[in-house]
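Any read-out appearing in this document is the output of simple, stated calculations on the displayed coordinates, not a laboratory observation. Every value quoted in this text rests on a predicted model; they were computed, and no experiment measured them. Glycine also receives a Cβ, built like all others from the backbone with ideal geometry; neighbour counts cover every protein chain displayed.
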Amino acid sequence: MKRRPGVNPRLSLLPPYLFVALDRKRAAAKAQGRDIISLGIGDPDLPTPSFIVSELARAAADPSNHRYPEGRGSAEFRRAAAAFMARKYGVELDPEREVTALIGSKEGIGHLPLALAGPGGTVYAPDLGYPVYASSAVLAGARTVTFPLRERAGFLPDFDAKPLAGPGRPGVLFMNYPNNPTGARCPAGTFDAAIRWARGRGSWLAHDAAYAEAFLDGRRPPSLLSRPGAMGCGIEFHSLSKTFNMTGWRVGWACGCSRAVAALAEVKSNLDSGVFSAVQSAAAAALSQGDAAADAMRARIAGRRRLAVPLLEGAGWTVFPSDATFYLWCRPPVRMTSAACAERMLDEADVLATPGNGFGKGGEGWVRFALTTGEDRLKEAFARVSRLRW
Ligand SMILES: Cc1ncc(COP(=O)(O)O)c(C=O)c1O
């Protein structure tokens with residue numbers, strides 16, 4: 001661990017942010033003039049649907065949107081988010097007290113340990129998982145307890161096994177389904193077990209639903225908040241990024257238990273001034289008129305998955321079966337470390353994938369491909385990968 005004089009020592013406890021390191025590697029390879037196919041970062045390749053861009057342009061020209069936005073988000077945006085939750089997930093929310101706008105769901109997730117845990121508090125983070133859960137705990141001075149997600153358990157938490165079983169410290173437990181990086185889905189029964197666990201320990205559940213709309217088989221995943229008891233202990237994070245190709249816009253929302261939402265909003269009101277009001281107007285339009293766009297996203301990912309999985313399996317790879325998210329969670333034909341596998345693909349096939357160990361110890365031996373490029377490039381990428389002799 002490298003100490004940096006004059007810098008918050010907690011920064012030295014953070015692992016290098018996964019995608020920063022990857023992007024550096026890709027940039028260096030590109031600078032050498034190589035044709036790199038990037039299946040690393042989960043950033044959709046297509047533009048935001050034009051009706052959303054038009055609404056942004058209209059709202060951006062309205063001077064009333066040029067002032068500081070309302071703290072928890074505009075009434076219009078919060079009403080649109082609440083209506084979306086009711087229509088898609090059967091979850092009834094009070095937009096005043098149970099919804100807050102976020103500068104992307106990552107921002108809300110990153111601030112949550114500050115709101116609900118703080119120094120001496122406990123954050124339960126999945127291994128493997130989106131790195132922000134554990135990093136935000138470190139920054140908030142909370143202690144992190146990691147709990148395993150393993151293939152044999154369908155990458156679901158086991159509340160009857162260590163470290164979650166039995167008495168323990170109260171805290172905030174992060175879940176994320178459909179899951180990045182594995183694509184696993186969470187049955188309603190596992191949410192119910194999580195709610196029992198949280199209530200038994202006086203704890204919070206934070207469900208990251210960034211990929212909730214990326215289901216590919218017509219079966220919409222449940223919201224944590226639709227389960228009995230969840231509104232007393234749960235907060236759920238939603239994002240427009242992947243559903244509407246809006247990663248660059250930085251907008252999402254948190255919803256659920258009013259005490260948790262209020263605490264998060266309080267942290268935010270001390271640190272940021274919210275989402276540009278015109279972006280909120282465009283996001284509200286996306287949520288209320290974007291069903292066809294979301295259907296198109298699902299059809300596109302399903303098509304890419306149908307193309308990619310047989311190509312990889314035909315080349316001896318193991319692909320974790322999934323019908324959600326745009327990620328393929330895979331093991332190469334021979335046993336090797338994630339880093340060695342990703343490095344060989346970049347060096348010898350000019351294909352960038354994410355090494356699974358970047359998501360935690362449990363990801364060692366796996367790599368993640370993001371299907372965020374068109375079908376021709378995907379074919380080319382997996383043809384190159386198939387030609388590698390391991
Ligand atoms: C699991 C997960 N949660 C949250 C996010 C953050 O999404 P955003 O901040 O764009 O809403 C991501 C982004 O990749 C993610 O993979």
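Just how many % of Cα pairs in the range 54-206 lie over 27 Å apart, if you round to the nearest whole percent?
Value for the range 54-206: 34 percent of Cα pairs lie more than 27 Å apart.
Around Leu205, which amide H atoms from residues at least 5 apart in sequence, or from another chain, sit under 5 Å from its own amide H, with H modelled in the peptide plane?
Distant-sequence amide H within range of Leu205: Leu173, Gly234, Ile235.
Please list, ordered by chain and number, the residues whose modelled amide H lies under 5 Å from the amide H of Thr146; skip anything fewer than 5 residues away on the same chain.
The list, which skips near neighbours in sequence, is Ala125.
How long are the three semi-axes of the equivalent ellipsoid of the range 5-100, in whole Å, if each is the root of 5 times an eigenvalue of the C-alpha gyration tensor, listed from largest down?
Working from the Cα gyration tensor, I get semi-axes of 37, 23, 18 Å.
Would you mind checking the range 358-385 for residues with the amide N under 19 Å from a putative spin-label position 7 Å along Cα→C-beta of Arg24?
Answer for this model: 358-360.
With r defined as the distance between the Cβ atoms of Met336 and Leu271 and R0 fixed at 41 Å, what FRET efficiency is calculated, to the nearest 0.05?
Once the sixth-power term is evaluated, E becomes 0.45.
Using the C-alpha atoms of the chain, what convex hull volume per residue, in cubic angstrom, is computed?
On the way: hull volume 58.5 nm³, N = 390.
Output value, Cα hull per residue: 150 Å³.
If you stretched the chain out fully between Ala315 and Ser258, how much longer would it get, using 0.36 nm times the residue separation minus the C-alpha to C-alpha distance?
Fully extending the segment from Ala315 to Ser258 adds 15.5 nm.
Can you pull out the trypsin sites (Lys or Arg not before Pro) in the range 159-240 whose DSSP state is coil and whose Cβ has at most 14 other Cβ atoms within 10 Å?
Of the trypsin sites (Lys or Arg not before Pro), the ones in loops of the range 159-240 whose Cβ has at most 14 other Cβ atoms within 10 Å are Arg219.
Whole-Å semi-axes of the range 139-188's equivalent ellipsoid, largest first, each the root of 5 times a Cα gyration tensor eigenvalue?
Calculated on Cα positions only, the semi-axes equal 21, 15, 9 Å.
Enter the mean projected area of the convex hull around the alpha-carbon atoms of the range 192-316, in nm², rounded to one decimal.
Reported value for the Cα convex hull: 10.6 nm².
Could you run the Karplus curve 6.51 cos²θ - 1.76 cosθ + 1.60 with θ = phi - 60° over the range 338-344 and give me ³J(HN,Hα) per residue in whole Hz, x for Gly and Pro?
Per-residue couplings from phi come out as 4, 5, 5, 5, 5, 5, 5 Hz.
Fewest Cβ neighbours within 10 Å first, please rank Cys330, Cys255 accordingly.
Details: Cys330 22, Cys255 28.
Result, fewest neighbours first: Cys330, Cys255.
Testing the spin-label approximation: label points 7 Å from Cα along Cα→Cβ at Trp390 and Arg219. State their distance in nm.
With each label point 7 Å from Cα toward Cβ, the separation is 2.9 nm.
Check each of the trypsin sites (Lys or Arg not before Pro) in the range 43-74 and keep only those in coil by DSSP with at most 10 other C-beta atoms within 10 angstrom; list them in order.
Taking the range 43-74 and a limit of 10 other Cβ atoms within 10 Å, the loop trypsin sites (Lys or Arg not before Pro) found are Arg67.
Given the options Phe369, Phe215, Phe159, which has the most mean-square fluctuation in a GNM of the chain, springs set between C-alpha atoms less than 10 angstrom apart?
Taking springs between Cα atoms under 10 Å, the residue moving most is Phe159.
Tell me, what is the percent relative contact order of the chain, built from C-alpha pairs under 8 Å that lie six or more residues apart?
Values: 768 pairs, mean separation 88.6, N = 390.
Relative contact order here is 23 percent.
Describe numerically, in nm with one decimal, the distance between label points set 7 Å from Cα along Cα→Cβ at Asp376 and at Asp45.
1.0 nm
So which of Lys25/Lys361; Lys25/Lys106; Lys162/Lys268 end up more than 29 Å apart, counting from Cα to Cα? Provide the component values of the computation, followed by the final result.
Values: Lys25/Lys361 22 Å; Lys25/Lys106 24 Å; Lys162/Lys268 34 Å.
Violating the 29 Å Cα-Cα cut-off are Lys162/Lys268.
Find, to one decimal place in angstroms, the Kirkwood hydrodynamic radius of the range 91-181, where the mean of 1/r is taken over every pair of different Cα atoms and then inverted.
Computed over the range 91-181, the radius equals 14.2 Å.
Please give the charge dipole size of the range 50-290, origin at the Cα centre, charges +1 on K and R Cβ atoms and -1 on D and E Cβ atoms. Round to the nearest 20 debye.
360 debye
Would you please give the residues with an amide H less than 5 Å from that of Leu102, counting only those at least 5 places away or on a separate chain, with H modeled from the backbone geometry?
The answer is Gly252, Trp253, Ala254.
Take the range 236-390, compute every pairwise Cα distance, and split them into 10 Å bins from 0; I just need the percent in each bin.
Once binned at 10 Å, the Cα pair distances of the range 236-390 give 9, 30, 26, 22, 12, 1.
Would you kindly derive the ³J(HN,Hα) couplings of the range 201-209 from the backbone phi angles with the Karplus curve 6.51 cos²θ - 1.76 cosθ + 1.60 (θ = phi - 60°), listing them in order in whole Hz, with x for Gly and Pro?
Those phi angles translate into 9, x, 10, 9, 10, 10, 9, 8, 10 Hz.
Spelling out what I want: for every residue of the range 125-130, take phi, set θ = phi - 60°, compute 6.51 cos²θ - 1.76 cosθ + 1.60 (Karplus), and round to whole Hz; glycine and proline get x.
Ordered by residue, 3J(HN,Hα) equals 10, x, 10, 9, x, 4 Hz.
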